[in-house]
Amino acid sequence: MLQDFNCSVWFLWKHLWVCRYNKGTVSIHPNRFIMSCQKYHHPKVNRRFAIQAGSIGLLGLGMNHIQALQAAPIQKRYNTTGAQAKKVIYIFLSGGLAQQDSFDMKPDAPDDIRGEFNPISTATPGLHICEHLPELAKRSETWAVVRSLTHKWNEHSQGHHIMLTGRTEVPTGFNPTSPKPTDYPAMAAIANTVTLPQNNLPPVAILPERLVHQSGRVIPGQFAGQMGEEANPWFIEAASFHRQSYGAFPEYAFDHQKRDIDLTRKYEAPNLELPHGLAESRFVDRLKLVNSVTDQKRQLDSSTQTEQFDRYRQQAISLLTDPKVQYALDVTNADDKVQEQYGRNCFGWSLLMARRLVAAGVNMVQVNLGNDEAWDTHGNAFPHLKDNLFPPTDKALSALLDDLTNSGELDETLIVMAGEFGRTPKISLLPSHYEKPGRDHHGALQSVWFAGGGVRGGNILGKSDKHGGYPVDNPKTPEHMAATIYDALGIPATAAWYDAENRPHQIYHGEPIHELF
């Protein structure tokens, strides 16, 4: 979120010229600039920094954009128009969807494995899915399922890190209680760094909230990690944090343990506004002045670092002024017919926002469909899936498919849906916490859903054993899923990202799942 830090350019320069940073401390607060210095002398400020800092002040943007002035390694960027898909929507089901209760049902298994749901036929002969996903069943010719994705971790934090980064192993120093700079970069961070921005918009967005555990700890794996904070994607905070309210609020809000708590949560578009006191006409005038300075700057210095700053500035301007961005974010005020189609709830609004953002020019959108561990069905699994989780998912995802199909954009938009792991074949009960049974964590197998981007509809890839516990044919890994996403975005298999020491790091760690297409 852009913030208004009303420091005048003159005041900034005054302090830049009287204090050396390594001998003083600097803290910046809204509407004031505080600095204590132990030694005064003329600092070494080069022309490039002077012009760039002046541009920030003239534009009136938040000081959080100072990150663009920092020395950064040169990254080669790739244009998404070179790929068939061009765009990606990654739907992440935090908590872990049970494969036996959704896309890989086992109706012939014993009762303590098969569960309470029955399979239904789809539009594809021989393909059956859960009875509580009827709209997706009608549209099976537009999607495919990989029933054999596997990794070895059963814990939430490790699973999140793996399925958000596309790396099966966790890095040295991994801490399940908090993100670390040593974490592998999220797929969203890599795409944000190496794909070209379109229409001056950030290449990647994550919505409607960060993944935060009900205890308040932030889940690792969703950030840039080793790439550095400047590579973090755009997080759109549209949902207020709630420790115990899960699912597609307000229509389908629920609590896993049915405690007597307030389930009220609010969904609203982030407020992107011009800085206080800066009317649009003044903003345009100020932009003209900044552009004049920028033209001179380009004549004086055409370095990559300058171009990097200009990209940040243009993205900030677009976020503030582009009607397409405001339209994409303002989903709760969308046309009544559209809201009815997607659903007037967190799931529906989030997928509608994702659809509008890719149309506006964002290359990849990650949608956290359900706040942290909404799909963690240890207990009360069958009523919660039937009544609270499947209905809004079925409706919103079907609406997204119809919307993209009708506009002709489905072939250019790859949609992937996965969680951090699947669930155990055997049903269990934790009577101290839940009234009814559920399934536990199971990294060894999950079903991953794909649509669009050239995916061959009605295609089932891979096979699980008779109880839905382990792959027995064509196993796939998170690296294969990540490579499929990168390939859809037009990132070459030989591509790399570069760290602060300009060392290359490969992006692909597996082959794309070509059999899907």
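General observations
- Residues considered: A399, A359, A328. Of these, the only one that is free of Cβ contacts under 8 Å to residues at least 60 places away in the same chain, assigned to a helix (DSSP H, G or I) and open to solvent by 10 Å² or more (accessible area, probe 1.4 Å) is A359.
- Being under 26 Å from L400 (Cα atoms) and without any contact (Cβ under 8 Å) to a residue 60 or more places away in the chain holds for only one residue in F249, F174, F235, and it is F235.
- For segment 490-517, the set of residues classified as open to solvent by 20 Å² or more (accessible area, probe 1.4 Å) and among the charged types (D, E, K, R) consists of E501, R503, E511, E515, listed by residue number.
- Of residues in segment 454-489 being among the β-branched types (V, I, T) and assigned to a loop (DSSP other than H, G, I, E, B), the one surrounded by the most Cβ atoms within 10 Å (Cβ to Cβ): V455
- Only one entry in A98, A123 is under 29 Å from S157 (Cβ atoms) and in contact with a helix residue (DSSP H, G or I) (Cβ under 8 Å, 6 or more places away or on another chain), namely A98.
- Here F283 meets the list (1) open to solvent by less than 10 Å² (accessible area, probe 1.4 Å); (2) modelled with pLDDT of 75 or more almost entirely, failing just condition (2).
- Qualifying residue in segment 411-419 (condition: in contact with a strand residue (DSSP E or B) (Cβ under 7 Å, 6 or more places away or on another chain), in a helix (DSSP H, G or I), farther than 16 Å from E131 by Cβ and open to solvent by 10 Å² or more (accessible area, probe 1.4 Å)): yes
- Test: residue in segment 508-517 that is farther than 28 Å from Q226 by Cβ, at pLDDT 95 or above and in a loop (DSSP other than H, G, I, E, B): yes
- Of all residues in segment 415-431, those that are closer than 17 Å to E479 by Cα have Cβ atoms under 6 Å from Cβ atoms of residues that are surrounded by 23 or more Cβ atoms within 10 Å (Cβ to Cβ) and among the hydroxyl-bearing types (S, T, Y), 6 or more apart or on another chain, in V416/Y90.
- Pick from segment 154-167, criterion touching a helix residue (DSSP H, G or I) at 6+ places or on another chain (Cβ under 8 Å) and more than 11 Å from G96 (Cβ to Cβ), ranking: most open to solvent (accessible area, probe 1.4 Å): R167
- Unmet requirement for R423, which otherwise passes all of (1) under 14 Å from T377 (Cα atoms); (2) touching a Lys or Arg at 6+ places or on another chain (Cβ under 9 Å); (3) open to solvent by 20 Å² or more (accessible area, probe 1.4 Å): (3)
- Among the candidates R217, R210, residue that is over 12 Å from the mean Cα position of the chain (by Cα) and basic (K, R): R217
The values are calculated or read from the model by the stated rules, or taken from the named source; none is laboratory data. This one's a predicted model, so the numbers in the text were calculated from it and none came from an experiment. All Cβ positions, even for glycine, are placed from backbone atoms using ideal geometry, and neighbour counts span all protein chains on display. To get the accessible areas, we keep the full protein, side chains included, count just its heavy atoms, and leave off ligands, DNA and RNA. Shrake-Rupley method; radii C 1.70, N 1.55, O 1.52, S 1.80 Å.
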